[in-house]
Amino acid sequence: MGERKKDGFHMTPEEFRRHGRAVVDWIADYYERVESLPVLSRVEPGDIRDSLPTEPPTRGESFETILADLDRCILPGITHWQSPNFFAFFPSNSSGPSVLGELLSAGLGVQGMLWATSPACTELETHVLDWLVDMMGLPGKFRSDGIGGGVIQDTASGATLTALLTARERATGYRGNEKGLDGRLVAYASSQTHSSVEKAVRIAGLGRENLRDVEVDERFAMRPDALAARIREDRKEGKIPCFVCGTVGTTSSNAIDPLPKLGPLCREQDLWLHVDGAMSGTAALCPEFRHILDGLEFADSYCFNPHKWMFTNFDCDCFFVADRAALIRTLSVLPEYLRNQATESGAVIDYRDWGIPLGRRFRSLKLWFVIRHYGLEGLQHHVREHVRLAQDFASRVENAERFEIAAPAPLNLVCFRHVGGDEINERLLEQLNQSGKVYLTHTKLDDKFTLRLCVGQTHTEERHVLQAWKLIQETAATIEDGSEPEGSPTSRG
Ligand SMILES: *Cc1c(COP(=O)(O)O)cnc(C)c1O
């Protein structure tokens, strides 16, 4: 190995075939054993870099050596998001059809910035997003055959920024882009809204001071009366309210903002309503959960992440707008070198005008593979099953003497805590995660340390959730009986 080949240093198609099979085998083996690996990586900061050579190779290495180092140097530093015992944050799913679609996308190596740079890349994306509108019962205005349409963004963060930029331009008569801002535009989101909204407000130039953290009710959902009051105050002070982000399934507790109330208010006040359904939006595949999107007909834009709970590997956020002209007018810049006949004809979509980057990967391929492999029926089956398992977990928590539910659990996220106070819950979480058998994360609700268990990993089954609950109870019991009675000073960390 290592001798120079006639055509230079490239991997030949024959070699690619061989190594490619080895890689697919590696992934299949990984899926077979991932359940037995400690979910949360146990390395210390710097461990991974210490295992890597200081100098890059001058001479190319054999593929076998490289792949062996994946096991040796990289795997110890992996937190296994694809473990069925992963209950942390929100899931970041993958699946066989998705990985294979991704592989083909990499193989084709298409850069789909314009329709003309690969018509299939654009048209499959439009088509699959239209499918999703139908599959999820989303308002028809998000379909591309009217004046709206859908596009794949990298993340919900990117989608929210894109929505905010468009809202900003609509509110300034598209002058923000030309003249800059005068500090008067204001955006609104609940205090429970994902941090990506604050980031978007900063990037879009509104300024953090012009983002209002609207108060929530006892279910952690935005209070429409509080929003109305904030808007009124701002108008009185000469501010220009322009954007509201409502969330369907907040990251902290899965709270659902009341769109049927927020929507008419935004309409009346002429504010852009963006709805962020990053994880929970997937539930709308099942008619019985579609009520979470009641009021979405008032939204100017909507996004959800198939890369969270729809078995499609990162990155894949579906972003829908009711009026694509506003979006395109906000983001389109057409230099001479991108001019082409198809664009001039107006008959095609150029997705470069629908988001921040110019270049675009062929991301719809993996989504198409997923939808075709599972079918609507298959997707519904697994989403229902996850919700059922989470609900079952919630009722076990409810019936346990030493535990309590900390927030309503409408779908697949359960927020709960031991009744013994913050310290016991912090220790419980730490010990659970150290065990390697599960991975859970936490939040603060009503100022109390709260554990979150989200059932959404592709391969999570009933036994994994039951096992997790058993482990939670056992671990809590050992802490209760432990040498550090609650409330006493401890020497821990
Ligand atoms: C996860 C999450 C986000 C951020 O998702 P990215 O796609 O990683 O940007 C935004 N909003 C909500 C409600 C989320 O749960």
* To do: Only residues in segment 311-325 that are hydroxyl-bearing (Ser, Thr, Tyr) count as the first member; pair them with residues that are crowded, with 24+ Cβ neighbours inside 10 Å, Cβ under 7 angstrom, at least 6 apart or cross-chain, and list the lot.
  => 312/93; 312/98; 312/306; 312/366; 312/367; 312/370
* To do: Identify the residue in segment 204-241 that is closer than 22 Å to residue 447 by Cα and among the small types (Gly, Ala, Ser) and, among all such residues, is surrounded by the fewest Cβ atoms within 10 Å (Cβ to Cβ).
  => 226
* Could you grab me the full set of residues in segment 144-191 that are open to solvent by less than 40 Å² (accessible area, probe 1.4 Å), assigned to a loop (DSSP other than H, G, I, E, B) and within 14 Å of the ligand (Cβ to nearest atom)? => 155
* To do: Test residue 260 against the criterion of being more than 15 Å from the ligand (Cβ to nearest atom), more than 25 Å from the chain's Cα centre (by Cα) and over 24 Å from residue 181 (Cβ atoms), and give yes or no.
  => no
* Asked: Out of all the residues in segment 266-275, is one or more open to solvent by less than 10 Å² (accessible area, probe 1.4 Å), away from the ligand (no atom under 16 Å from the Cβ) and aliphatic (A, V, I, L, M)?
  -> yes
* Asked: For residue 452, which of the numbered conditions (1) surrounded by 22 or more Cβ atoms within 10 Å (Cβ to Cβ); (2) of a type in the set (Lys, Arg); (3) modelled with pLDDT under 95 fails to hold?
  -> (3)
* To do: Considering each residue of segment 305-342, count those that are open to solvent by 30 Å² or more (accessible area, probe 1.4 Å) and assigned to a helix (DSSP H, G or I), and give that number.
  => 9
* Mind telling me which of the residues 77, 96, 60, 101 ends up being over 20 Å from residue 40 (Cα atoms), open to solvent by 30 Å² or more (accessible area, probe 1.4 Å) and under 30 Å from the mean Cα position of the chain (by Cα)? => 96
* To do: Kindly indicate whether residue 463 is outside any strand (DSSP E or B), open to solvent by 70 Å² or more (accessible area, probe 1.4 Å) and modelled with pLDDT of 95 or more.
  => yes
* Structure fact -> Within segment 80-93, restricting to residues that are within 16 Å of the ligand (Cβ to nearest atom) and open to solvent by less than 30 Å² (accessible area, probe 1.4 Å), the one that is modelled with the lowest pLDDT is 93
* Residues located in segment 195-213, provided they are within 16 Å of the ligand (Cβ to nearest atom), not in a loop (DSSP other than H, G, I, E, B) and not basic (Lys, Arg) -> 195, 196, 197, 198, 200, 201, 203, 211, 213
* Structure fact -> Expected single match for under 27 Å from the mean Cα position of the chain (by Cα), under 30 Å from residue 455 (Cα atoms) and part of a loop (DSSP other than H, G, I, E, B) among 362, 416 is 362
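The values are calculated or read from the model by the stated rules, or taken from the named source; none is laboratory data. Quantities reported herein were computed from a predicted structural model and do not represent experimental measurements. Cβ: placed from backbone, ideal geometry, glycine included. Neighbour counts: every protein chain shown. Remember, those area values only see protein heavy atoms, side chains included, never the ligands or the DNA or RNA. Shrake-Rupley method; radii C 1.70, N 1.55, O 1.52, S 1.80 Å.
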